[in-house]
Amino acid sequence: MNVASVLFLGGLGRSGTTLLERALNEIPGVCALGEVVHLWQRDVRDDERCGCGERFSGCVFWQAVGEEAFGGWDRLDISRVLALRDAVERTRHIPLLARRRLAESRRGDVLAYGAYYAAIYRAAAAITGASVIVDSSKHSALAHCLRWMRPGAIDLRVVHVIRDPRGVAYSWTKKVLRPESDGDEMTRYSPAHSALLWTAHNTAIDLLGRRGVPVSRLRYEEFLADPAGTLRHLAAFAGLELTPDALTFLDPGHVELGLGHSAAGNPMRFRSGRLPLHPDDAWRTHLAPAQRRLVAALCAPLLRRYGYPVRLTPPAPSTAACDIPAPSRPTADQLNPVASD
């Protein structure tokens, strides 16, 4: 059978990838899975909530994926997956994973770890009929692991999603609840820490392009300015030909989202219906000037590389589309059973 294209959304968290993933999921022929990197622990082991609102164990879609991929989730050795993750999928391993030749001592573990992802992608494509699978895991180390898979196992194409690091820094400082885990909070970082992570992860994604992986760079701000053009470009990058009515879920300044089955990610994965799409500039007035200058100084080389200004002129404030607060827990509608896409 033909292998579905895998659009891997790479970069640093809080860069708008959840909104982009949700919009891609509305395109016929596309199936978005959320952050598969967290599937093993948060969903298979801890039974957190799918984007449809159901617990993972009660989600029709994910139970079908598990049956297709492994003969059922109870047949999966989750301790083995997590041990492989710890052995190979760490940021500190990227210098070794990014080499032109993979050390034989690591090859077995890297290929075994990647095979679990390949099984998920194939299963999702088989049960939905999708020709494009979206994984918004973002982790650069995971992308470097997946690049070693044989072409017949994964047709990997990376979308390098970048957002102005000052906006990313502001988002990482905010208190955001994780309703799927009954009240836990998402991780928070200081602006300096997030700036260093922004530089490290974007540099690591850049490396993939130099190793022969197809990479399409996308600034999140460009997606907000031209959603339809962005989605057409990404569909073409994935090898998907769009019909004239493929983007009817978009209208000027808004996107209409149905329920999805994102395995993990930002709490906005629980939102559905009509959502606004407009510039994400709250950080310009809410992030302290000294912190904006610090982030700009730490990220200056890549700011210039990606076309962002190092020095800012003050704009009018606006409310971020991806920063709209999610409900503290899934709504009643979200908790209704949802069938497979």
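Rule-based calculations on the coordinates, nothing more; no lab input. This structure is a prediction, so every number in the text was calculated from the model and none was measured. Heads up, the Cβs are rebuilt from the backbone with ideal geometry, glycines too, and the neighbour counts pull from every protein chain shown.
With Kirkwood's inverse mean 1/r over C-alpha pairs for Rh, give me the Rg to Rh ratio of segment 133-256, two decimals please.
Values: Rg = 16.8 Å, Rh = 16.8 Å.
My calculation of the ratio gives 1.00.
Order these peptides, 205-218, 145-158, by their mean beta-carbon neighbour count within 10 angstrom, highest first. Mind dumping the intermediate values first?
Details: 205-218: 17.4, 145-158: 18.9.
In decreasing order of mean packing, 205-218, 145-158 become 145-158, 205-218.
Would you mind giving the average projected area, over all directions, of the Cα convex hull of segment 213-308 in nm² with one decimal?
Details: hull surface 34.7 nm².
Result: 8.7 nm².
Enumerate the amide H contacts of His254 below 5 Å, restricted to partners 5 or more residues apart or on another chain; note that Pro and chain-start residues carry no placed amide H.
Amide H to amide H, under 5 Å and 5 or more residues apart or across chains, His254 pairs with Leu277.
7 Å from Cα along Cα→Cβ at both Arg80 and Ala228: what's the point-to-point distance in nm?
4.9
If amide hydrogens are placed 1.01 Å from N in the peptide plane, which non-local residues have theirs closer than 5 Å to the one on Ala32?
Val134
Between Ile127, Cys145, Ser79, whose Cα lies farthest towards the positive end of the dipole of the chain when Lys and Arg beta carbons carry +1 and Asp and Glu beta carbons carry -1, centred on the Cα centre?
Comparing the listed Cα positions along the dipole, Cys145 ranks first.
If packing is taken as the mean number of other Cβ atoms within 10 Å per residue, what is the order of 165-174, 220-229, highest first?
Working: 165-174: 24.3, 220-229: 17.5.
In decreasing order of mean packing, 165-174, 220-229 become 165-174, 220-229.
Gain in length, Thr203 to Ser216, computed as 0.36 nm per residue apart minus the alpha-carbon separation, to one decimal in nm?
Numbers: separation 13, 0.36 × 13 = 4.68 nm, distance 1.41 nm.
So the chain would gain 3.3 nm between Thr203 and Ser216.
Percent antiparallel among DSSP beta bridges with both residues in the chain, to the nearest 5?
Working: 9 of 28 bridges.
Roughly 30 percent of the DSSP beta bridges within the chain come out antiparallel.
As a check on your grasp of the helix formula, calculate [θ] at 222 nm for the chain: sum -39500 (n - 2.57) over DSSP H runs of n ≥ 4, divide by the residue count, round to the nearest 500. Walk me through the numbers on the way to the answer.
Details: 12 runs with 134 residues, N = 341.
Theoretical 222 nm ellipticity from helices: -12000 deg cm²/dmol.
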